[in-house]
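One structure below.
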Amino acid sequence: MSYRALYEKHIEKIPKDWDVHHIDFNHNNNSLDNLIAIPKVIHTVIHQCGYMAKDEIENLIQIYNINKKLK
């Protein structure tokens with residue numbers, strides 16, 4: 001089962017234009033606590049910057065969602 005299917009089966013549906021990120025950058029580690037759904041733009045930023053802790057990723061998602069509501 002792909003990590004995206006695993007995420008959707010056990011956590012939630014992945015929103016349109018979002019990716020599932022492996023927090024530890026290890027694509028073989030598909031444990032649910034290592035997967036997080038994130039907007040594609042944030043996913044790109046994380047991979048350009050390197051490792052980012054889960055709480056920092058969640059903060060970026062909150063900022064993204066607030067910004068999207070304001071538009």
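GNM, the chain, Cα, under 10 Å: largest mean-square fluctuation among Lys16, Lys54, Lys40?
Lys16
With +1 on the Cβ of every Lys and Arg and -1 on the Cβ of every Asp and Glu, and nothing else charged, how large is the dipole of the chain about its Cα centre, in debye rounded to the nearest 20? Mind dumping the intermediate values first?
Values: 9 positive and 9 negative charges, 83 e Å.
For this selection, approximately 400 debye.
Of all the stretches in the chain, which is the longest one without any exposed loop site, taking chymotrypsin sites (Phe, Trp or Tyr not before Pro) in a DSSP loop (any state but H, G, I, E, B) with at most 14 other Cβ atoms within 10 Å?
Working: sites that count: Phe25, Tyr51.
Longest run free of exposed loop sites: 26-50.
Pop out the ³J(HN,Hα) list for segment 10-26 in order, Karplus 6.51 cos²θ - 1.76 cosθ + 1.60 with θ = phi - 60°, rounded to Hz; leave Gly and Pro as x.
Taking θ as phi minus 60°, the curve returns 9, 10, 5, 5, 7, x, 4, 6, 10, 10, 10, 9, 8, 4, 8, 6, 9 Hz for segment 10-26.
Across 10 Å bins from the origin, how do the percents of Cα pairs in the chain run, short distances first?
Over the chain, the share of Cα pairs per 10 Å bin runs 19, 54, 24, 2 percent.
How tilted is helix 40-49 with respect to the longest principal axis of the chain? Cα atoms for both, answer in degrees (0 to 90, nearest 10).
Tilt of helix 40-49: around 80 degrees.
So what J values fall out for segment 57-62 if you push phi through Karplus, 6.51 cos²θ - 1.76 cosθ + 1.60 with θ = phi - 60°, rounded to Hz, Gly and Pro as x?
4, 4, 5, 5, 5, 4
Considering the options Ala5, Leu70, His47, tell which one lies farthest towards the positive end of the dipole of segment 3-70, charges being +1 on Lys and Arg and -1 on Asp and Glu at the Cβ, about the Cα centre.
The Cα lying farthest towards the positive end belongs to Leu70.
Given the chain, what count of lysine pairs have C-alpha atoms under 22 Å apart, with each pair 8 or more places apart or on different chains?
So the count of such lysine pairs works out to 16.
Compute the relative contact order of segment 3-70 as a whole-number percentage, counting only Cα pairs closer than 8 Å that sit 6 or more residues apart in sequence. List each step's numbers first, then the result.
Values: 55 pairs, mean separation 18.0, N = 68.
Averaging sequence separation for qualifying contacts and normalising by length gives 26 percent for segment 3-70.
Laboratory data are not the source of any read-out in this text; all were calculated from the coordinates shown. Here the structure is a predicted model, which is why all the values come from computation and not from measurement. All Cβ positions, even for glycine, are placed from backbone atoms using ideal geometry, and neighbour counts span all protein chains on display.
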